Structure formats: C-alpha cells, structure tokens
Amino acid sequence: MQNKRQDNEKTHIISALVTNESGILARISGLFARRCYNIDSLAVCATEDPALSRMTVTVRGDESVLRQIVLQLGKLPACVMTGELDASRAVLRELLLVKVAAGAAERADIETACRTYEAKIVDLSPDSVVIELTGKPAKLDGFIELMKQYEIIELSRTGLTAIERGSVKLNSESNKTETL
C-alpha cells in the first residue's frame, strides 16, 4: 500500500480468532509486512476459550486491500476465523495513559478537563499527573489535543479493541470471511 492516502481508502477493523500459540503474532504481523500493509493498531488478548486469542487489527485501505488481508489471514492454519467488523454495530474502545507536566497552577484546569472527558488521574507527582482515559479513538484524540496546551511528557495507547453488539459471536463454527 502506498503512503499517499487515496480517496477510496477507509479504516477497516478486522477481528480474528487465532490459536493461542507461541509465534502467531509474529507470523501475522509478518504477513502484513510482506504485503506492505501498514497496521494502524493491533490488540491481542485471550478469549473465553483458553485455546484461542482474539486479534483486533485496524488498517487503512480500499476494499481490495481489505479482501486481500482477510483472504491471506484465512489461509493461515492458526487463523480460525476472520472478518471485518461493522463499526456501527460494534462497541469500540481504546485505553490512553498520558503523563502531563502539571504544577500547582495547572492542576485545577487539568482536573476539570478530566471530569469533562470522564478521565481519571491515576498518579499524582509533584510536577506531573498521569491520566487514564478509555473510549472511542476520536474521544482520545480530542483529549490529547486538549492536553497539548500543557506539556505532554509521554503517552501510551493500547490500540483499538472491539466486539460486535448483540448475541452474534465471532466463533469457529461460522467461519465467515466477510463483514461481521
């Protein structure tokens, strides 16, 4: 995929169930690298089944890029199931930890911003605060933008994690490779 953003590119959220085994993350990220697809975010976690892990991958590209990624993932023996999540039918969340320089003069304003965004101050030092915020990526982006008026010392984001609303379950029995 080219670095230049194309008009028909959009962000795709791919959810995959993979066998919970050593080296699977390296194989999947290698697959993306060999095809020159850039991963915007990647979250991996155990599932309710200890034999499986869930991967949530966000990538940008057109529909042909999405089809290729899903097809290539589907060819991996360790990939039990994969498909694109429809963002309008899914719960999407990301975690942000941001450390902001905060002397006595800035703390009240930062605390007000935290209340507005429903963020929590999780560490308080004499010259800084660490803030935790969970939400949709756009909410985190807005909070980061607001915190730029202070000195952002460092920040860390988990990457998007997502799950479809309702009783539909991503599982090995359906073996879908389309929009979930």
Looking across segment 15-69 at residues that are charged (D, E, K, R) and in contact with a Leu (Cβ under 9 Å, 6 or more places away or on another chain), the single one that is least open to solvent (accessible area, probe 1.4 Å) is Arg54
Where the second residue is assigned to a helix (DSSP H, G or I) and open to solvent by less than 80 Å² (accessible area, probe 1.4 Å) and the first is under 13 Å from Cys79 (Cβ atoms) and lies in segment 25-37, which pairs have Cβ atoms under 9 Å and are six or more apart or on separate chains? Ile28/Leu73; Leu31/Ile69; Leu31/Gln72; Leu31/Leu73; Phe32/Ile69; Phe32/Gln72
Looking at this structure, is Val130 surrounded by 16 or more Cβ atoms within 10 Å (Cβ to Cβ), farther than 22 Å from Leu25 by Cβ and not charged (D, E, K, R)? yes
Strands (runs of 3 or more DSSP E) completely within segment 62-180 that count 2 or more residues being of a type outside the set (Lys, Arg), farther than 18 Å from Thr11 by Cβ and touching a residue at least 40 places away in the same chain (Cβ under 8 Å): 79-85, 90-101, 152-157
Among the numbered conditions (1) at pLDDT 90 or above; (2) buried (at least 17 other Cβ atoms within 10 Å of the Cβ), tell me where Thr82 comes up short. (1)
Which of the residues spanning segment 29-48 are charged (D, E, K, R) and in a strand (DSSP E or B)? Asp40
Residues of segment 110-127 being open to solvent by 60 Å² or more (accessible area, probe 1.4 Å) and not hydroxyl-bearing (Ser, Thr, Tyr), in sequence order, are Glu111, Arg115, Glu118, Lys120, Ile121, Val122, Asp123, Leu124, Pro126, Asp127
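The values are calculated or read from the model by the stated rules, or taken from the named source; none is laboratory data. Worth saying up front: this structure is predicted, and the values here are computed from it rather than measured. Positions of Cβ are generated from backbone atoms using ideal geometry, with glycine treated the same way; all protein chains shown enter the neighbour counts. Surface accessibility is based on the protein's heavy atoms, side chains included, excluding ligands, DNA and RNA. Shrake-Rupley method; radii C 1.70, N 1.55, O 1.52, S 1.80 Å.
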